[in-house]
Structure formats: C-alpha cells, structure tokens
1. Quick check: net charge around Ala22, other residues with Cβ under 12 Å of its Cβ, Lys/Arg +1 and Asp/Glu -1?
2. Please give the net charge around Leu178, taking every other residue with its beta carbon less than 12 angstrom from that of Leu178, where Lys and Arg add +1 and Asp and Glu add -1.
3. Please give the contour-minus-distance gain from Thr261 to Val13: 0.36 nm per residue of separation, less the Cα-Cα distance, rounded to one decimal in nm.
4. Can you give the net charge of the other residues whose Cβ lies under 13 Å from the Cβ of Ala161, counting K and R as +1 and D and E as -1?
5. Could you tell me the calculated FRET efficiency between Val23 and Ser240, based on Cβ-Cβ distance and R0 = 45 angstrom, to the nearest 0.05?
6. Can you give me the three principal axis dimensions of the range 171-218 from its C-alpha atoms, in Å, biggest first?
7. Return the equivalent ellipsoid semi-axes of the range 141-185 as a descending list in whole Å, where each equals the square root of 5 times an eigenvalue of the C-alpha gyration tensor.
Amino acid sequence: MAQLMVMGLVVAVAVAVCLYAAVAAFKQPVSRPRLEKFAARQRLRVTADNGPLVLHALGITQRWRTLGLWTGIACGVLWSLREGRLTLDFAAAFIGWFAGAVVAEWRIAGIPRGEGRRAASLAPRTLSSYLRRGPLVTLAVALAIWLGATIAAALRTGGLAPWAWAAVTLSGLALLVLTLRRVVDRPQPPAGDDLVAADDALRARAAAVLTGSAIAALGLPTAAVFEVAGRSEAVYGNASWAAIGLLLMLLELGVGWRLATDASPARTGRARPAPAATQS
C-alpha cells in the first residue's frame, strides 16, 4: 500500500510539473531574439505592417509546439511508471512536439482579409515555392531506406511487427502530406507586399520544419524494423542489424534537425533581403 501511495505521488508531481510548464509556455510572449532569428533565416524585413502577423503566427507555433512537447514528456513518464521506473522518453517528447507543430499549422489563418494595401498576385503557389529540393530528396532517401528495411524485416521474420510499424509510419506521412498541403493552399488574400512576403516566409518556415522533422522522425521506425530484421539471426547478427538501425536513426535525427533549422527563404520573389532587425 505504501509503495502504491508513493508511486501515485510521483505520478501526480510529474504530471503537475508538465502541466505547469505547458501553461507557462502558453502565456509566454514571443521574444525579440526569436523574431530576429526567424527574420534572418527567412531573409525577411519585419516592418510595422507585417510585424503583427509574424508575431501572431510565431506565438501560435511556439505555444502549440511547447504544449505538444510537454504532453509527450508527460505521456512518456506515465508509460515508464507502468513498469515501476521514472524515465524521460525522447521519442514520446519528439512525437508530442511534432504533433503540436502540425496543430499549429492548421490553426494559423494567414493574412486577415482587408489588411494593408491590396495588390493581387497571379503567381501560382506550389510546394516548390516554399521548400527546396534538397529536403525533399533527403526525405525520399529516408523513405526508401525505411521501406527497404521494412520489406526485409517482413520477409526474414514473417511477423506482424514490421507491418505495425509500417501502418504507424504511413499514418504519420499522410498527416505530413495533408499539413504541407494546408500550408501551401492556405488562403492568401490580396494585401501589401510586406504582408505577402511575411506570409510566404511563414509558409516556407513551416514547410522546412515539417519536412526536417519528418526525416528525423523516420529514424525511429527505421531503427525498429532493422532490429526486427535481425531477430532471425544469431545473437551477434541481431546486434549488427540493431547497430546499423541505431546509426541510421542518429544520422536521420541529425540531418532532419539541420534541415529544419537551416535558412529556408520562400522563392516567390516577395521576400526582401535584410538584416534581422525590425523597423519601428
């Protein structure tokens, strides 16, 4: 009985800490360094006209990503307590952060109608306008590696585990595609050049973060199916497969993070190269 009471107290404290951190993140405003970093990466001049739009969008992404992160941490802690131990699950934290990033992109409305000097643009908006070819090629390579490992694991073991991982992975990819489509197709009513440039910069940043995060997330199912593929081998063979999967996961995590945080200006001709500073 005493052990159950202690475990219950630990669970309550852990969940309370995560909830407090999530609530605090919702109340925290966007800092000036964060705004300047965004402007520098997107080569965007933040002005009095587009500043409110950028701050509003950055505030939404900051709140929902942080909320997702702490929710993932809380879920990971609760799951570990089922086994009588208290650990932090990096995978659960990352999945929560990614889920928050997806929710944020669906909540961002873009340019309010009737704002600023109206100037219609006839240029079509496509994914290539907001995302470089490099991240897409890298994502395709990561998908090819995962698919090959999944097929190999299914053929070698004949079990259901590779297909279960495939179902989870394909669900995540479907969500990614839908969200990227939402980012590209989000309404962009006629507005002043500064507002349109800021909206394009926000779309480009979202596309880069989502794609880089997807590459990083693919490391987990890839490592898992490599480990499954090695189960039919002897002990050392299994360790070799698992080691290869771990190396690939670390590589994809590093590459995905790099692509998600790299400069990714929109290629729409609207952005203005400028230092990361705001105009009063």
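1. Net charge around Ala22: +3.
2. 0
3. Stretched fully, the Thr261-Val13 segment lengthens by 85.9 nm.
4. Net charge around Ala161: +1.
5. It comes to 0.45.
6. 39, 16, 6
7. Listed largest to smallest, the semi-axes of the range 141-185 are 27, 11, 4 Å.
Every number in this text was worked out from the coordinates using simple rules, so none of it is lab data. Treat the numbers as computed from the prediction; the structure is a model and nothing was measured. Neighbour counts are summed over all protein chains in view; Cβ atoms, including those assigned to glycine, are modelled from backbone coordinates with ideal geometry.
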